1. Can you list which of the DSSP-assigned H helices in the chain have a Cα extent of 15 Å or more along the long axis and an average Kyte-Doolittle score of at least 0.0?
2. Hey, what did segment 10-210 get for relative contact order, percent, Cα under 8 Å, at least 6 apart?
3. Using a Gaussian network model of the chain whose springs link C-alpha atoms within less than 10 Å, name the residue from Ala104, Ala17, Ala57 with the highest mean-square fluctuation.
4. For the chain, the longest stretch holding no chymotrypsin sites (Phe, Trp or Tyr not before Pro) located in a DSSP loop with at most 15 other Cβ atoms within 10 Å is which?
5. Show me, for segment 141-151, the HN-Hα J-couplings you get by feeding each phi into the Karplus relation (A = 6.51, B = -1.76, C = 1.60, θ = phi - 60°), rounded to Hz, glycine and proline as x.
6. Pull up all non-local amide H partners of Val14: gap of 5 or more, or a different chain, and H-to-H distance under 5 Å with H placed in the peptide plane.
7. Once every DSSP H run of n ≥ 4 in the chain is given -39500 (n - 2.57) and the sum is divided by its residues, what mean residue ellipticity at 222 nm do you get, rounded to the nearest 500 deg cm²/dmol?
8. In the neighborhood of Gly58, defined by Cβ-to-Cβ distances under 12 Å, what is the net charge if each Lys or Arg adds +1 and each Asp or Glu adds -1?
Amino acid sequence: MEGQRYMCKIGAIVLAAGISRRMGKPKLLLPINGKPLFRYSVEVALRNHLKPIVVIAGRNINKIREHLQDLQDVEILYNPKYEEGMSSSLKLGILSVSNRVDAAMVFLADQPFVSDLVVRNLVDEFKVSSKNELSIYRPKYQDMLGHPILFKATLFSEFNSIYGDEGGKSIIKKYRHHLKIISFDHLEWGMDIDTPEDYKSILRIRNKRSGN
């Protein structure tokens with residue numbers, strides 16, 4: 001990578017307010033190796049020293065607080081509009097970090113396999129290129145674009161106009177010429193959980209990794 005590094009602050013927003021329509025029960029609380037699904041996203045942000053780390057929660061906020069009470073430097077915010085879709089949570093997260101960071105990395109709380117390498121590479125790419133026209137950094141797992149996505153602070157005002165479940169899609173489309181794609185070979189790093197079948201697949205992969 002070319003360019004000059006500079007000191008910067010990068011926060012994390014973990015979107016954990018979904019209502020799990022397709023799962024039929026709170027998917028983010030489902031256990032994987034003794035930990036609730038959503039905690040994996042929080043831990044990868046912590047391990048890579050993103051700060052602040054803001055978890056946006058909805059109806060299950062009390063359970064989420066309970067499962068995070070042993071972790072320091074994690075902020076948990078309630079989204080009273082969680083039923084309006086992902087965009088309401090993303091807006092709240094961006095607003096909460098907007099005056100504190102140079103960029104924010106947005107995590108989906110239903111992706112337990114995001115690697116430290118993904119987070120480090122996104123951060124490194126931002127640090128060496130953020131003074132040019134790039135403003136969005138996104139991973140690609142084989143042929144699948146995914147999360148987490150890093151947004152430069154200059155784009156934060158754009159989140160005021162998003163709605164429903166679109167999340168940052170319209171912003172990414174608008175600034176597609178300012179987008180940096182970083183490729184990875186491991187498709188499973190981008191896997192998310194929406195259905196009972198997805199959960200079973202995740203458990204099989206986790207058990208295989210653990211040698212069980």
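Every number here is computed from the coordinates shown, using simple stated rules; none is lab data. Just so it is clear, the structure is predicted and the values come from calculations on it, not from any experiment. Here the Cβ positions follow ideal geometry from the backbone for every residue, glycine too, while neighbour counts run over all protein chains shown.
1. Details: long enough: 86-97 (17 Å, 1.21); 116-129 (20 Å, 0.29); 196-210 (21 Å, -1.57).
Helices passing the filter in the chain: 86-97, 116-129.
2. 25 percent
3. The residue with the greatest mean-square fluctuation here is Ala57.
4. Answer from the scan: 7-162.
5. 9, 6, 9, 10, 5, x, 10, x, 10, 9, 10
6. Here the answer is Val54, Val55, Ile56, Phe107, since their amide H atoms fall under 5 Å of that of Val14.
7. Details: 6 runs with 64 residues, N = 212.
Per the formula, -9000 deg cm²/dmol.
8. Working: positive: Arg59, Lys63, Lys81; negative: Glu83, Glu84.
Neighbourhood net charge equals +1.
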